[in-house]
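**Student:** Take a look at this one; I'll ask things after.
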Amino acid sequence: MTTLMPLTNQPQVVEIAPGNAATRPLSITSVAFDGVGNLTVTLSDGTVLEPVPCAQQIAAAFGGVALVVVDANGNLLANGRQVGTVSAP
């Protein structure tokens, strides 16, 4: 035999009244990194969200303090400066 628990939540009320149509939901129109590793998000209404220090947070997640990249020539770059080279194994 199944025993059901009685519902204790209160009924909800929705009021429908004349007015303007609902606006379209916001969406993300662009996501970009700036020159120092901040991630900037722009919404469909033109709002630009505060930059987030994304590169630093990714580096910290891996136990580091900065991200580095390797260009097509094998140059290791940090903060836009060459700090070494990488060779394929």
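The values are calculated or read from the model by the stated rules, or taken from the named source; none is laboratory data. From a predicted model like this one, the values you see are computed outputs, not experimental measurements. For neighbour counting, all protein chains shown are included, and Cβ atoms are generated from backbone atoms with ideal geometry for every residue, glycine included. SASA here: full protein model, heavy atoms, side chains in, ligands and nucleic acids out. Shrake-Rupley method; radii C 1.70, N 1.55, O 1.52, S 1.80 Å.
**Student:** Using a Förster radius of 35 Å, what is the FRET efficiency between Asn75 and Asp34 based on their Cβ-Cβ separation? Nearest 0.05, please. Before the final figure, lay out each step's value.
**Tutor:** On the way: r = 21 Å, r/R0 = 0.61.
Result of the calculation: an efficiency of 0.95.
**Student:** Tell me, what % of the accessible area of segment 31-80 is carbon and sulfur with a 1.4 angstrom probe?
**Tutor:** Numbers: 2090 of 3430 Å².
Summing carbon and sulfur atoms, their accessible area is 61 percent of the total for segment 31-80.
**Student:** Hey, what number do you get for the chain at 222 nm if only DSSP H runs of n ≥ 4 count, each worth -39500 (n - 2.57), divided across all residues, to the nearest 500? Working shown, then result.
**Tutor:** Working: 1 runs with 8 residues, N = 89.
Dividing the helical sum by the residues of the chain leaves -2500 deg cm²/dmol.
**Student:** Using a 1.4 Å probe, how large is the accessible area of Val36, given in Å² and rounded to the nearest 10?
**Tutor:** Surface accessible to solvent at Val36 totals approximately 110 Å².
**Student:** For the chain, build the convex hull from the C-alpha positions and give me its volume per residue in Å³. The partial results should precede the final answer.
**Tutor:** Values: hull volume 27.8 nm³, N = 89.
Once divided by residue count, the hull of the chain is 312 Å³.
**Student:** Any chance you could run the full-extension gain for Ser87 through Asn20? It's 0.36 nm times the residue separation minus the Cα-Cα distance, nm to one decimal.
**Tutor:** Numbers: separation 67, 0.36 × 67 = 24.12 nm, distance 6.23 nm.
In short, 17.9 nm is gained.
**Student:** For segment 25-37, take each phi angle, set θ = phi - 60°, evaluate the Karplus expression 6.51 cos²θ - 1.76 cosθ + 1.60, and give the result in whole Hz per residue in order, putting x for glycine and proline.
**Tutor:** Taking θ as phi minus 60°, the curve returns x, 6, 9, 8, 9, 7, 9, 9, 8, 8, x, 10, x Hz for segment 25-37.
**Student:** If you don't mind, there's one more thing I want to ask. How much accessible area per residue does the chain have, counting only protein heavy atoms and a probe of 1.4 Å, in square angstrom?
**Tutor:** Details: 8030 Å² over 89 residues.
That works out to 90 Å² per residue.
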